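Everything below concerns the one structure shown next.
The values are calculated or read from the model by the stated rules, or taken from the named source; none is laboratory data. Here the structure is a predicted model, which means the values were calculated and not measured. A quick note on method: Cβ atoms are made from the backbone with ideal geometry, for glycine too, and the neighbour counts reach across all protein chains shown. We work out accessible area using only protein heavy atoms, side chains counted, and drop any ligands, DNA or RNA first. Shrake-Rupley method; radii C 1.70, N 1.55, O 1.52, S 1.80 Å.
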Amino acid sequence: MDKKISLVIPVFNEQEVMPESFRRTKAAMEDIGYPYEIIYVDDGSRDGTWEILSSIAGENPEVTALRFSRNFGHQLAVTAGMDAADGDAVIIMDADLQDPPEVIADMIKAWEQGADIAYGKRLKRHGETAMKKFTAWCYYRLLSAMSAYPIPLDTGDFRLLDRAVADKFKEFREHNRFLRGMSAWMGYNAVPVEYVRHERAAGKTKYTLKKMLKLAADGIFGFSTKPLSMITYLGSGVILAGLAGIVITAIWAAAAGAAAWLWGLWALVLLDGIILICMGVQGEYIQRIYDEAQGRPLYVVKEKIN
Ligand code: UDP
Ligand code: MG
């Protein structure tokens, strides 16, 4: 029982929920019994969140509070917390109690049984609008169709990472981060832990539409270069259409005399196809530059003998 658990909790303008959030998280951790630390990262809150965090940290030596100089966004707040965490397992969790702290016990159980990653899989989502549920449902499916690595459906950032995985995470220094994509990229033995996502205990969502769209784009563009390859397919299709048009016009001209402007039309279509193919070729280079610029690890060795 001397293994230590780190909890990483990003917090942005959560003064309404913080006291209850800490109380329940602490109770859940004491029940589990492992030594633990809680790392709160204040992502530039403008309400009373920091005052609450500093008093919690003052009274509880197992709590560390970090404060960003401004709002850098949820994914970077989690990253800062993971950089600071030194437990044998690191758990990422929201502050608003939508990820119930009681589920941590199940994640730890999965970890004790050999899981390297135990990710929370949402069976149901309570207290969210039909629109949010529908767009989330569509997005997860689009993402998994686009991604080169299987990204589990209906899964957020709520998860446990073994120390080995958490260390690998630190090698990812890309700016536009999508943590669950990175987690999927990693491979390892990833085990789902099912739970029901509750409504926010208090306050309102801090994920504005703009932040949500940015995250959605980071997921797709960070983990798929299919949009670039699609340009080449599109160009090939347009060229085929142009060639077919020329053949049809030639037959028609021989038989009944097709209008002369049709030749100009197909010449333009062909040219558009050629331009698209050229863009696709550029896309191949951009894709490679992008891979190099992200600077991700090349591979992950899980075990070594001798
Ligand atoms: N959060 C953050 N920075 C932000 C937005 C959100 O640190 O810019 C935190 C927030 O305090 C919460 C977690 O990220 O602990 C998830 O945000 P929220 O609950 O608002 O998102 P939702 O559950 O509505 O998608
Ligand atoms: Mg929430």
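Provide the gained length on full extension for the span T208 to A145, in nm with one decimal, where the gain is 0.36 nm per separating residue minus the Cα-Cα distance.
Length difference between fully extended and current span is 20.2 nm.
Could you compute the FRET efficiency for R67 and N306, with r as their C-beta to C-beta distance and R0 at 51 Å, rounded to 0.05?
Efficiency, rounded to the nearest 0.05: 0.65.
Compute the signed sum of charges (Lys and Arg +1, Asp and Glu -1) over the other residues within less than 10 Å, Cβ to Cβ, of H74.
The answer is 0.
Keeping every protein chain present and rolling a 1.4 Å probe, give me the accessible area per residue for region 175-259 in Å².
Roughly 55 Å² per residue, with all protein chains present.
Subtracting the Cα-Cα distance from 0.36 nm times the residue separation, let me have the gained length for D272 to D86 in nm, one decimal.
Residue separation times 0.36 nm, minus the Cα-Cα distance, leaves 61.4 nm.
Ignoring ligands, DNA and RNA, what percent of the 1.4 Å accessible area of the chain is carbon and sulfur?
62
Would you compute, from DSSP H runs of 4+ residues alone, the mean residue ellipticity of the chain at 222 nm, taking -39500 (n - 2.57) per run and dividing by the full residue count, rounded to the nearest 500?
It comes out at -17000 deg cm²/dmol, rounded to the nearest 500.
Let me check against my output: what whole-number percent is the relative contact order of the chain, with C-alpha pairs under 8 Å and at least 6 apart?
Reported relative contact order: 18 percent.
By how many nm would the segment from L234 to A217 lengthen if fully extended, with 0.36 nm per residue of separation less the alpha-carbon distance?
This chain segment gains 4.0 nm when fully extended.
Counting only the backbone N, which residues of region 217-236 are under 16 Å from the spot 7 Å out from the Cα of E174 toward its beta-carbon?
217-229
Can you run the Rg to Rh ratio on region 14-107? Use alpha carbon positions and the Kirkwood inverse-distance Rh.
0.93
Test of understanding: given the chain, find the longest segment containing no GluC sites (Glu not before Pro) that are in a DSSP loop and have at most 12 other Cβ atoms within 10 Å.
That gives 1-170 as the longest site-free run.
Between beta-carbons, use under 13 Å as the cut-off and find the net charge around E62, counting Lys and Arg +1, Asp and Glu -1.
-2
For region 38-147, run through the chymotrypsin sites (Phe, Trp or Tyr not before Pro) and keep only the ones in DSSP coil with at most 13 other Cβ atoms within 10 Å of their Cβ.
none
Dipole of the chain (Lys/Arg Cβ +1, Asp/Glu Cβ -1, origin at the Cα centre): which of C278, A145, G48 lies farthest to the positive side?
It is C278.
Looking at region 266-306, which chymotrypsin sites (Phe, Trp or Tyr not before Pro) are in a loop (DSSP not H, G, I, E or B) and have at most 13 other Cβ atoms within 10 Å?
Here the sparse-neighbourhood loop sites are Y299.
Once you mark the trypsin sites (Lys or Arg not before Pro) that are in a DSSP loop and have at most 13 other Cβ atoms within 10 Å, what is the longest gap between them in the chain?
The longest uninterrupted stretch comes out as 71-169.
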